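Asks: Please find one structure pasted underneath; my questions will follow.
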Amino acid sequence: MSSHRFIQLDVFTREPFAGNPLAVFPEAEGLTDEQMMKIAREMNLSETVFVLRPVREQSAESNQQSAKSEPKAASDPTSTDVSEPSAQTAGTENRNAGEVAQRNLQANSDSPKVLRRLRIFTPAREIPFAGHPVVGTWNALAHEGVVPLPENNNGWTRIYQEVGIGVLPVDIEFEAGVPVQVVMTQGNPKMGNVLDDRGEQEDLTRALGLAIEDLDETLPIQVISTGLPFLAVPIRSLADLRRCRVNAALLAEIYDGTGATGCSVFSRETIEIGAARVHTRMFAPGDNIPEDPATGSAAGALGAYLVHHGAQSIEPIDGQFRFVIEQGDFMHRPSRINIEVTGKPGAVTEVRVGGPSVIVAHGEVFV
């Protein structure tokens with residue numbers, strides 16, 4: 001058996017036992033797809049992250065091994081090609097040959113140098129992108145000394161990561177050499193299909209334990225994405241949002257039918273005054289996540305949706321809309337997600353999501 005250490009954090013909070021828990025395996029080389037999936041189920045958190053070297057490094061190492069093995073293979077047909085295990089590992093670590101080709105093409109392009117590659121698993125499957133796993137992982141890696149410190153150990157450092165949707169920048173703020181905030185740039189905002197059929201809306205509200213009269217009809221029920229699609233459902237009041245009682249099977253069937261990976265139900269009424277503009281709850285029972293206390297990918301998409309529809313009720317500063325999304329309070333794990341949206345109604349160009357994290361545990365898993 002081999003041991004693999006992990007770090008557990010609470011993300012989008014400065015207080016332990018709030019925010020969204022996350023397990024990070026900072027040195028995941030050697031783990032297979034199957035082992036990663038089993039570990040994610042064992043951790044039983046909304047997401048678990050496995051940190052790997054960038055594909056460019058793995059590709060270069062594989063090429064070197066192949067080059068070294070060629071003379072031996074040519075002179076001794078019965079010998080074993082030493083490059084073969086690396087090829088098997090690469091095949092195990094990726095879902096199919098097309099994904100390997102896409103990643104290698106991306107890694108050898110003119111994209112910025114990638115510091116690490118992240119693979120993100122729910123208890124049910126691997127996903128290409130998520131918010132709180134990225135924010136929490138880079139907080140952990142900054143504590144591990146992976147991230148270069150800014151001048152005088154204070155200020156911001158920008159690095160690049162590889163996730164399933166591509167290479168994206170991450171900005172990390174330090175104070176006296178300690179990471180205090182991680183801000184990630186998400187994928188291109190996309191506003192998808194609108195659920196406007198009355199019967200389908202009634203089914204959806206029934207799946208949420210609500211009535212169709214509880215919907216905020218000034219905004220659409222719409223599939224939204226900045227890398228991972230969610231079904232955005234506007235609710236009139238915070239009190240109605242609190243009353244949600246989910247029929248898991250029905251809700252999963254409905255949002256899955258729209259192409260979404262979860263249901264982001266929200267109200268523009270908030271618990272706190274000030275920067276908060278939305279309170280949201282995210283349900284993804286199809287991924288064994290009855291409710292998520294903080295969902296950065298859904299929050300980023302929701303931020304884009306609000307600006308796209310002119311529903312955020314704030315003025316931009318230097319071309320950016322900045323506000324906070326609340327989540328997790330009804331689960332007794334309050335989370336506060338910082339949102340920066342660049343663009344204007346009908347034309348959102350970029351979304352950034354950030355916040356603090358706190359380390360709460362260290363441990364080892366034996367496989």
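Asks: Where a ≥ b ≥ c are the square roots of the eigenvalues of the C-alpha gyration tensor, would you call the stretch 183-245 rounded, which needs a/c under 1.5, or, failing that, prolate if a/b is larger than b/c, or oblate? If you can, show how the numbers build up before the last one.
Replies: Values: a/c = 2.42, a/b = 1.64, b/c = 1.47.
Verdict is prolate for the stretch 183-245.
Asks: Arrange Leu215, Leu251 by Cβ neighbour counts within 10 Å, fewest through most, would you?
Replies: Details: Leu215 20, Leu251 25.
Fewest-to-most ranking of Leu215, Leu251: Leu215, Leu251.
Asks: Could you give the length gained on full extension between Val146 and Phe17, defined as 0.36 nm per residue of separation minus the Cα-Cα distance, in nm? Each step should come with its number before you reach the end.
Replies: On the way: separation 129, 0.36 × 129 = 46.44 nm, distance 2.54 nm.
Using 0.36 nm per residue and subtracting the Cα-Cα distance, I get 43.9 nm.
Asks: Let me ask something else. What are the ³J(HN,Hα) values, in whole Hz, obtained from phi via the Karplus relation 6.51 cos²θ - 1.76 cosθ + 1.60 with θ = phi - 60°, for each residue of the stretch 340-347 in sequence order, with x given for Gly and Pro?
Replies: Calculated HN-Hα couplings, in order: 10, 10, 9, x, 8, x, x, 8 Hz.
Asks: Right, here's the next one. As an exercise, identify the trypsin sites (Lys or Arg not before Pro) in the stretch 174-278 lying in DSSP coil whose Cβ has no more than 15 other Cβ atoms within 10 Å. Kindly include the intermediate steps, with their values, before the conclusion.
Replies: On the way: sites: Lys190, Arg198, Arg206, Arg236, Arg242, Arg243, Arg245, Arg268, Arg277; in loops: Arg236, Arg243, Arg245, Arg268.
Listed in order of number, the matching sites are Arg243, Arg245.
Asks: Given Cα positions, please report Rg to Rh for the stretch 152-262, the hydrodynamic radius being the Kirkwood one.
Replies: Expressed as Rg/Rh, it is 1.14.
Throughout, read-outs are computed from the coordinates displayed, never taken from laboratory work. Computed from a prediction, not measured in an experiment: that's the story for all the values here. Because the Cβ atoms are built from the backbone with ideal geometry, glycine has one as well, and the counts that use them run over all protein chains shown.
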